[in-house]
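Undergrad: Before I ask anything, let me first share the structure, which is written out below as structure tokens.
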Ligand SMILES: Nc1ncnc2c1ncn2[C@@H]1O[C@H](COP(=O)(O)OP(=O)(O)OP(=O)(O)O)[C@@H](O)[C@H]1O
């Protein structure tokens, strides 16, 4: 027999404990707890007079206010709330989740608060933990975007909170390669990146407007990149991969000014016409305090019925590594060689990075192992 006063107290305890458990549920877009974001507006525990498997059965109503009605991640949030309630150890809690959306006024306040906390470019504040890798190539078409997409997917599959920016105004191929086809959600002027394969992605290709390319050129590039970084809600990812536009100057300079922690990774193919320009793209580090982390040689060979064909010649990656090491006076290693593989191209076109299996886990093949090794080296 349970007395009324005890029952009331235990309901309050359950409500408090449920709130505590919900504080661990993180909004996948904003990267903050749903309680901290003010999304939980009511929790009510009403016990039924039954015991199930030795535990009291309690109906728990959770009232949730989402930031945007019908947001694509609604179900994910509701599932997480459901799990947090049903996994309660001391009682059998039966969840009833009432979903609504925030009032305009509340949303404006929330966004203002978030913006206030992050008024500026989030990646250059002191003590930031995010590792930033800017992928440069010099010459176009050498596979810089394919490397960026697969590297980002590998980081995410290894469990790192991963963001990727496609800053390639000429190509913006990252969303295609990652299959990130959605539009960024606009939360009262703050943009949410599109998540694909666990990678939060933003591309300037997602912004409409004829002046997009003009904005991203020359003297305004630095401002544009900064704006791009601060108008998007990135949270504080472990790693940020930036797919730069091909070329040797402007873009890398803008990155160095905007993201002082960024490290440059230079992609080349084996042939001299690519490696000569790749060296020049790395030499930008003589003008700005940006570290060149290493070189990746793509399209290094093609395995044809057991025969290794070096279609684009040999030695480009090693040449870039040696020349940059000499010019910059520190070791700029050749980090990885990537063979030509039809699957890499095909999976890129299908929006499924070749390094991932059908479940989105790291695949068990040579190419995936190479990318895993690269990702682990870069995070050291
Ligand atoms: N190792 C590889 N094996 C087979 N195909 C590849 C490989 N690397 C890249 N490709 C293909 O080559 C083409 C160019 O690659 P990608 O778009 O990644 O290059 P990029 O350097 O980013 O080009 P851009 O200069 O246009 O930005 C794509 O069709 C891609 O699928």
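Undergrad: I'd like to know if segment 224-234 contains one or more residues that are within 15 Å of the ligand (Cβ to nearest atom) and either surrounded by 23 or more Cβ atoms within 10 Å (Cβ to Cβ) or under 27 Å from residue 160 (Cβ atoms) (or both).
TA: No, segment 224-234 contains no residue that is within 15 Å of the ligand (Cβ to nearest atom) and either surrounded by 23 or more Cβ atoms within 10 Å (Cβ to Cβ) or under 27 Å from residue 160 (Cβ atoms) (or both).
Undergrad: Moving on. For segment 171-196, what are the residues that are in a strand (DSSP E or B) and free of Cβ contacts under 8 Å to residues at least 40 places away in the same chain?
TA: Within segment 171-196, 186, 194 meet the criteria.
Undergrad: Could you tell me whether residue 64 is closer than 28 Å to residue 111 by Cβ and surrounded by fewer than 16 Cβ atoms within 10 Å (Cβ to Cβ)? Show your work before the answer.
TA: Numbers: closer than 28 Å to residue 111 by Cβ: yes; surrounded by fewer than 16 Cβ atoms within 10 Å (Cβ to Cβ): no.
So residue 64 does not fit the description; no.
Undergrad: For segment 43-60, does any single residue satisfy the condition of being under 24 Å from residue 196 (Cβ atoms) and surrounded by fewer than 18 Cβ atoms within 10 Å (Cβ to Cβ)?
TA: no
Undergrad: In addition: With respect to residue 238, is the statement that it is under 20 Å from residue 174 (Cα atoms), surrounded by fewer than 24 Cβ atoms within 10 Å (Cβ to Cβ) and touching a helix residue (DSSP H, G or I) at 6+ places or on another chain (Cβ under 9 Å) true?
TA: Details: under 20 Å from residue 174 (Cα atoms): yes; surrounded by fewer than 24 Cβ atoms within 10 Å (Cβ to Cβ): yes; touching a helix residue (DSSP H, G or I) at 6+ places or on another chain (Cβ under 9 Å): yes.
Spelling it out, residue 238 is indeed under 20 Å from residue 174 (Cα atoms), surrounded by fewer than 24 Cβ atoms within 10 Å (Cβ to Cβ) and touching a helix residue (DSSP H, G or I) at 6+ places or on another chain (Cβ under 9 Å).
Undergrad: When residue 273 is evaluated against the numbered criteria (1) over 25 Å from the mean Cα position of the chain (by Cα); (2) part of a helix (DSSP H, G or I); (3) over 15 Å from residue 144 (Cα atoms); (4) away from the ligand (no atom under 14 Å from the Cβ), which criterion, by number, is the only one it fails?
TA: Here residue 273 meets the rest and fails (4).
Undergrad: For segment 317-339, does any single residue satisfy the condition of being farther than 13 Å from residue 142 by Cα, free of Cβ contacts under 8 Å to residues at least 40 places away in the same chain and under 25 Å from the mean Cα position of the chain (by Cα)?
TA: There is no residue in segment 317-339 that is farther than 13 Å from residue 142 by Cα, free of Cβ contacts under 8 Å to residues at least 40 places away in the same chain and under 25 Å from the mean Cα position of the chain (by Cα).
Undergrad: Separate question: Confirm whether residue 311 is crowded, with 17+ Cβ neighbours inside 10 Å, in contact with a strand residue (DSSP E or B) (Cβ under 6 Å, 6 or more places away or on another chain) and in contact (Cβ under 8 Å) with a residue 12 or more places away in the chain.
TA: no
Undergrad: Which of (1) buried (at least 23 other Cβ atoms within 10 Å of the Cβ); (2) modelled with pLDDT of 80 or more; (3) under 26 Å from residue 350 (Cα atoms); (4) in contact with a helix residue (DSSP H, G or I) (Cβ under 8 Å, 6 or more places away or on another chain) is the odd one out, the single condition residue 168 does not satisfy?
TA: Of the numbered conditions (1) buried (at least 23 other Cβ atoms within 10 Å of the Cβ); (2) modelled with pLDDT of 80 or more; (3) under 26 Å from residue 350 (Cα atoms); (4) in contact with a helix residue (DSSP H, G or I) (Cβ under 8 Å, 6 or more places away or on another chain), the odd one out for residue 168 is (2).
Undergrad: Name the helices (runs of 4 or more DSSP H) wholly inside segment 299-380 in which the number of residues that are away from the ligand (no atom under 13 Å from the Cβ) and farther than 28 Å from residue 176 by Cα is 3 or more.
TA: Counting at least 3 such residues, we get 316-328.
Undergrad: Considering every residue within segment 257-267, establish whether at least one is part of a helix (DSSP H, G or I) and at pLDDT below 90.
TA: Yes: one or more hits.
The values are calculated or read from the model by the stated rules, or taken from the named source; none is laboratory data. The structure displayed is predicted, hence computed values, not measured ones. Quick reminder, even Gly has a Cβ in these numbers, built from the backbone with ideal geometry, and neighbours come from all protein chains shown.
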